[in-house]
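Here is the structure we will look at, set down as C-alpha cells.
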Amino acid sequence: MQFLGRVGAVLLGLSLILAMCLPAGAADPITIGVLGPMSFTQGEGHWNGATMAADEINQAGGVKVGNVMRPIKLIKIDTNEFLSIPDATNAVEMAVSRYKVDFLIGGFRTEAVQVMQDIAMDAKKIFIGCGAAHPALCTRVTKDYDRYKYWFRLTPINSSYLGKVDFILLGTVGAIMKAQLGLDKIKVAVVAEKAAWADPIVRAAQKVLPGKMGMEVVGVWRPSPVAKDCTAELAAIQRSGAHIAFTTFSSSVGLTFAKQLGELKVPAAPVGINVEAQKTGFWSATGGKGEYTVTINTFARVKITDKTIPFYDKYLKTFKEAPNYTAGTYDAVYILRDSIEKAGTIDSAKLVPFVEKTDMIGTSGRVVFDKSHDVKWGPGFVTGLGTQWQGDQNLCIWPYKWHGITYEGTVPYKLPPWVVEHWKKK
Amino acid sequence: MILDIIIDGLIKGSVYALLAIGFSLVLGVARIINIAHTALYMTAAYLIYVGTKLMGLPAPLAMVASVVLTVLLGLLVYTLFIKPIQEHEAAVLIATIAVAMMIQEVFLMVFGGHYLGVNPLIDGYATILGVKVTYQHLLALGLALVVLVATRLFLVKTRLGLAIRSTAQDREVANLMGMNVTRVAMSTMAVSVGMAAVTGAIVVPLVTVEPTMWMHPLIMMLAIVVLGGLGSIEGSFVGAYILGFAESLVVFMVPMGSFLKDSVALSIMILVLLMRPEGLFGVSFEEER
C-alpha cells in the first residue's frame, strides 16, 4: 500500500509539472462561432477576418483568462442566409447546442441576424454582429436590456449613418460637378433595388434632395435586386437628363448596373451604395467597365488608424482580395480578447460590462459602443469611407477635409470622362 | 421612348426565343419537360468564364468548346436520368429539377456565390436613332436571329428535321412508320441542349455569371412555352417576343415599378390562357388527350 501511495504521489507530481510546462495550446480553447454565408464573399470575409485575428492571438500565446493562457478555436458556421433564413436558424442552434460555442460573431442579412440574435440571447452568449446594418438590431438592446445585452454591432455602421454618408457623398460629387462643369442645378436619378432596406433611403432622397440639398429628382427607378439587365433603366435615365445616378444596391444588380452604365457611357456619375463595388472581384466582373463607380465602404488602403494598412496588406496578401465590411470579425475577436483578459472570465454575463467599456483603436477606426451597443459613428470614432474605382484600384475619396479629417492615402474624386465630355458640350 | 422599347424588346425577345424554342423542341418531340434546360445554359456560361478568364483561351474557341461540352453533358443527363424514366412525364419533370439543383450546387461549391463576368467580344456601343445599344447586344441579337433561322432551316430542310417534326406531330405514328423515335428523341435533346448552350455563349458577356442565374430564364421560358402553346415552336417564337416587349414596356412606362416586369409578363401569360387555354399556337389540352 505504501508503495502504491508513493507511486500515486509521484504521478500526481509529474502531472502537475507537466500541466505547468504545457503550452497555451493544451488549455481548453475558447470557442468562437463564426456565422456567415460561407459560400459567398460576405461569409468568406467573416471567416478570413476571424482566422487572421485568432492566428495572431494564438501565435502570441493565446488569451489570458485569469492565470491560464487559452487558445482561440474558431468554428465555421455556414448560415446560408442568402438562400434560406431557416438554414441560418438551424446553423446557430447547432453552434450553441452542439458545438457549445462561448461567443458568436458575424451574421449578414438583417432578417436572418434578428433570428440568430434571439437564439444567442436565449443561450446568453455574447454575439458581435459584423454584417447587418439595420438599427432595429440595436434598439432591441435599449428596449429590453436584460435580454439583449449580449448583442453588439461592430460593422458596418448602422443604416441611418450609412444614409448620412450616402448623402454626404452625393453632395460632394454634386458640388464637384457644379464647379467643374458649370451646372446650375444637379439632376439626380434615384436608382434603388426593390428591397425593404432601400425604401427609407428612397423616401429620404425624394425629400432631402429637392429640399435641403437643392437638387432635382428626375425619376426613381426600382429594379429587382437580381436584375440581369438594366439597359432599359439606363436608357430611361439618360433620357431624363440626370447628372448623377444615386444608387442603392446590395445585390447583384449593382454589378449589372455599373457594368452597363460604363458600357453605354450613360452621362450620369454613379454615386451611392453599391456593395458589389466594395469587392475586389468587381473590376474583373465588370471587365473594367465599372470604373468611376463610387460606393460607401468600410476598408480601403488608407491610414484610418495605425492598424488599417498593415491589416489591409496582410489580408490582401493572405486571401488575394481586399477585406470587405464583414471582415470586421478581425476586430471583434480582439474586442473579445481584451474584454476576457480584463474580466478574467469567459462568462458572457460577466463580460458584458467590459465589452460595453470597449475603447479600442481598431482597423476601421476608434471603436466605442453607445448605449444601444451600436458602434459610434462620427469624427473621432468610426466614420466609414467613400471609395471610387480609379483604374483597377478601389481608392478612398472620402472623408476629404470632412470635419478636418482626411485619411492619409485619400485621393480626389474623378468624374467619368464621358460625363465631363457630355455635359461640357451642353 | 418607342424606339427604346422596340430595340430593347427585340433583344430580350430573341434571347428568350432561343431558350424557349430549344425547350419546346424536346417537349414536343419526346414529351420531356426538361427543367434543367436553363441550368445547361448556365453551364455553358460558366465554361466560357473558365475558358476565357481562367485558362486564357480566345473567346470564340471557348464558346465552341463550351457548346460541345454542354451538349455532351446534356446527353449524359439524358442517358442517365431521363431515358430510364422517359415514359413517366411527371418523374422526368422531377428528375430534371433535381439535375438542375445538382448543377447549381456543383457551381456553388466550385466557384462559390461570387458574381462573375466575361468580357464582351466587341467593346463599345452604337447609337441607333438616338438609342444607345452596345455592340455585344447587337451581336447577340444578330446571332440569335441567325440561330433561329438556322434552326428553322434544319427542321424544314433536313431528314433529321423532318423526323423531329413528324415525331413531334405524332410519336406513335412516327414509330409505326419505322422511325427510331428513341434516337430521334436523343438527337432532339442534343439540338435542344445545343440551343441552350449557344444562348449561354451569346449572352454570357451581357449577364452576371452566378449559380442561380438559371432560375429567372427558366420562369420566363416556361411562361413563354405555355403562352405559345406547349411544344409549339412557332408559339415559343411569338411568345418570346410578346414577353420581351412586355418587360421593356414596364421599365419605360413605370420606372418606379421596373421590378414588376416579370410579374407583368407572367400576368400576360395568365390572361392569354384564360381566353385561350391551349396557348397561342397550341393544341387544346382536351383534344390532345
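Tabulated results
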{"read-out": "Residue in the range A:279-289 that is within 21 Å of the chain's Cα centre (by Cα) and β-branched (V, I, T) present", "value": "yes"}
{"read-out": "Helices (runs of 4 or more DSSP H) enclosed by the range B:196-289 - at least 2 residues per element that are in contact (Cβ under 8 Å) with a residue 12 or more places away in the chain and on the phi < 0 side of the Ramachandran plot", "value": "B:215-228, B:233-253, B:261-275"}
{"read-out": "Failed condition for B:K261, given (1) at pLDDT 85 or above; (2) under 21 Å from B:L18 (Cα atoms)", "value": "(1)"}
{"read-out": "Restricting the range A:191-206 to residues that are within 10 Å of chain B (Cβ to nearest Cβ) and among the β-branched types (V, I, T), the residue that is farthest from A:P270 (Cα to Cα)", "value": "A:V202"}
{"read-out": "Residue count, the range A:388-413 (criterion: without any contact (Cβ under 8 Å) to a residue 24 or more places away in the chain and within 18 Å of A:I309 (Cα to Cα))", "value": "4"}
{"read-out": "Residue, modelled with the highest pLDDT, within the range B:123-153, restricted to residues that are more than 11 Å from chain A (Cβ to nearest Cβ) and farther than 22 Å from B:A20 by Cβ", "value": "B:I128"}
{"read-out": "Count - residues of the range B:15-26 that are away from chain A (no Cβ under 13 Å) and either surrounded by fewer than 24 Cβ atoms within 10 Å (Cβ to Cβ) or not hydrophobic (A, V, I, L, M, F, W, C) (or both)", "value": "2"}
{"read-out": "Of all residues in the range A:303-334 being modelled with pLDDT of 95 or more and touching a Leu at 6+ places or on another chain (Cβ under 7 Å), the one that is surrounded by the fewest Cβ atoms within 10 Å (Cβ to Cβ)", "value": "A:D331"}
{"read-out": "Pick from the range A:248-259, criterion over 15 Å from A:V294 (Cβ atoms) and more than 8 Å from chain B (Cβ to nearest Cβ), ranking: surrounded by the most Cβ atoms within 10 Å (Cβ to Cβ)", "value": "A:V253"}
{"read-out": "Per-region count, the range A:207-220, residues facing chain B (nearest Cβ under 8 Å) and either part of a helix (DSSP H, G or I) or within 24 Å of B:G117 (Cα to Cα) (or both)", "value": "0"}
{"read-out": "Test result for B:D8, in contact with a strand residue (DSSP E or B) (Cβ under 7 Å, 6 or more places away or on another chain), within 14 Å of chain A (Cβ to nearest Cβ) and over 25 Å from B:L108 (Cα atoms)", "value": "no"}
{"read-out": "Residue in the range B:255-263 that is charged (D, E, K, R) and closer than 19 Å to A:V253 by Cα present", "value": "yes"}
{"read-out": "Subset tally (residues that are in a loop (DSSP other than H, G, I, E, B) and closer than 30 Å to B:I7 by Cα) for the range B:110-169", "value": "11"}
{"read-out": "Within the range B:235-258, considering residues that are of a type in the set (A, V, I, L, M) and more than 10 Å from every other protein chain (Cβ to nearest Cβ), the one farthest from B:A17 (Cα to Cα)", "value": "B:A246"}
{"read-out": "Sole exception among (1) in contact (Cβ under 8 Å) with a residue 40 or more places away in the chain; (2) under 23 Å from the mean Cα position of the chain (by Cα) for A:T89, by number", "value": "(1)"}
{"read-out": "Identity of the residue in the range A:319-368, touching a helix residue (DSSP H, G or I) at 6+ places or on another chain (Cβ under 7 Å) and among the basic types (K, R), that ends up nearest to A:F40 (Cα to Cα)", "value": "A:R337"}
{"read-out": "Residue match in the range A:121-130 (condition: touching a residue at least 12 places away in the same chain (Cβ under 8 Å), closer than 30 Å to A:K212 by Cβ and not aromatic (F, W, Y))", "value": "no"}
{"read-out": "Residues (within 12 Å of chain A (Cβ to nearest Cβ) and either among the acidic types (D, E) or farther than 17 Å from A:V226 by Cα (or both)) located in the range B:259-279", "value": "B:D262"}
{"read-out": "Considering residues of the range B:29-55 that are within 13 Å of chain A (Cβ to nearest Cβ) and not β-branched (V, I, T) only, the residue surrounded by the fewest Cβ atoms within 10 Å (Cβ to Cβ)", "value": "B:L54"}
{"read-out": "Filter result for A:D199 (surrounded by fewer than 14 Cβ atoms within 10 Å (Cβ to Cβ), within 26 Å of the chain's Cα centre (by Cα) and either not aromatic (F, W, Y) or not in a helix (DSSP H, G or I) (or both))", "value": "yes"}
{"read-out": "Residue count, the range A:42-64 (criterion: in a helix (DSSP H, G or I) and crowded, with 18+ Cβ neighbours inside 10 Å)", "value": "15"}
{"read-out": "Conditions (1) at pLDDT 95 or above; (2) under 17 Å from the mean Cα position of the chain (by Cα): number failed by A:P270", "value": "(2)"}
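The values are calculated or read from the model by the stated rules, or taken from the named source; none is laboratory data. All of these numbers come straight from a predicted model, not from anything done at the bench. Please note: Cβ atoms are built from the backbone with ideal geometry, for glycine as well, and neighbour counts cover all protein chains shown.
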